[in-house]
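What follows is one structure encoded as structure tokens, with my remarks underneath.
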Amino acid sequence: MSESLVTKKAIAEGFQELMTKKPFEKITISDITAACGLNRQTFYYHFHDKYELLNWIFYNEAITPLEEGLSFDNLYDKLLELLTTIKNNSKFYANALRTPYSDEFRVYMHKVSTKVFIDVIDHVSGNYHIKEADKMFIAEFFSYGITGTIIAWVINGMKEPPEVIVSHIENLISDCKRLAIARYLNPEYN
């Protein structure tokens, strides 16, 4: 691991610890540097501001592990991994996703899940052709649903275990796949 990455992780850990105690808006760069034992110059060498730091954490802690090797076959395992990461850092994510600056998390999640749902649609449709515009609409519809569900779960206190949320998502997708297959096998549709 490069020295720069080690420093970024130290800054991120200090920031995450602060966010378990203080709202995002009340945390200053001085607070962050004091928490991780670095100076302001070092902070600014790695991040422009705390907003960039927040986005870096979202991307590197939640999104990158979700994206790496993500496929239709491991979708639910990857979702469980993501929700477990969020649950293990519940105070940080609850605080972070309540800020007006959490849009990057939403954007990242939407982008990743849209890509996965396009793969799901391709997998389910088999030999049947689905127009690209229709495929994109369906993928984005489910992407917004998953992203919104995850964010609502966090904001509402993560009362259900990650396994329950993933099970609900898996059941819903399975049911929709069965309906889609039945629809495509219907001669009136073709």
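The values are calculated or read from the model by the stated rules, or taken from the named source; none is laboratory data. These figures come from a predicted structure and were not determined experimentally. Positions of Cβ are generated from backbone atoms using ideal geometry, with glycine treated the same way; all protein chains shown enter the neighbour counts. To get the accessible areas, we keep the full protein, side chains included, count just its heavy atoms, and leave off ligands, DNA and RNA. Shrake-Rupley method; radii C 1.70, N 1.55, O 1.52, S 1.80 Å.
Calculate, in nm to one decimal, what residue 91 and residue 123 gain on full extension: separation in residues at 0.36 nm each, minus their alpha carbon distance.
Details: separation 32, 0.36 × 32 = 11.52 nm, distance 3.73 nm.
That works out to 7.8 nm of additional length.
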Give me the distance in nm between label points sitting 7 Å out from Cα along the Cα-to-Cβ direction at residue 76 and residue 52, one decimal.
4.1 nm
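Relative to 2.2 N^0.38 Å, what does the C-alpha radius of gyration of region 34-102 come to as a ratio? Two decimals please. If you can, show how the numbers build up before the last one.
Values: Rg = 14.6 Å, N = 69, 2.2 N^0.38 = 11.0 Å.
Working it through for region 34-102, the quotient is 1.32.
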Gain on full stretching of the segment that runs from residue 133 to residue 68 - 0.36 nm per residue minus C-alpha separation:
20.8 nm
Quick numbers on the chain, Rg and Dmax over C-alpha atoms in Å, give 19.6, 68
On a 30 Å Cα-Cα criterion, which of the cross-link pairs 26/78; 9/78; 111/159; 9/91 come out too long?
26/78
Express the carbon and sulfur contribution to the solvent-accessible surface of the chain as a percent, rounded to the nearest whole number, probe 1.4 angstrom.
55 percent
Heavy-atom accessible area per residue, region 52-112, 1.4 Å probe: how many Å²?
45 Å²
Apply the Karplus curve 6.51 cos²θ - 1.76 cosθ + 1.60, θ = phi - 60°, to the phi angles in region 154-161 and return the couplings in whole Hz, x for Gly and Pro.
5, 4, 8, x, 6, 5, 7, x
Phi-based couplings in Hz for region 117-131 (Karplus 6.51, -1.76, 1.60; Gly and Pro marked x):
5, 5, 4, 4, 4, 4, 5, 6, 6, x, 7, 7, 8, 10, 4
Residue-span extension gain [residue 45 to residue 59] - 0.36 nm each, minus C-alpha spacing
3.1 nm
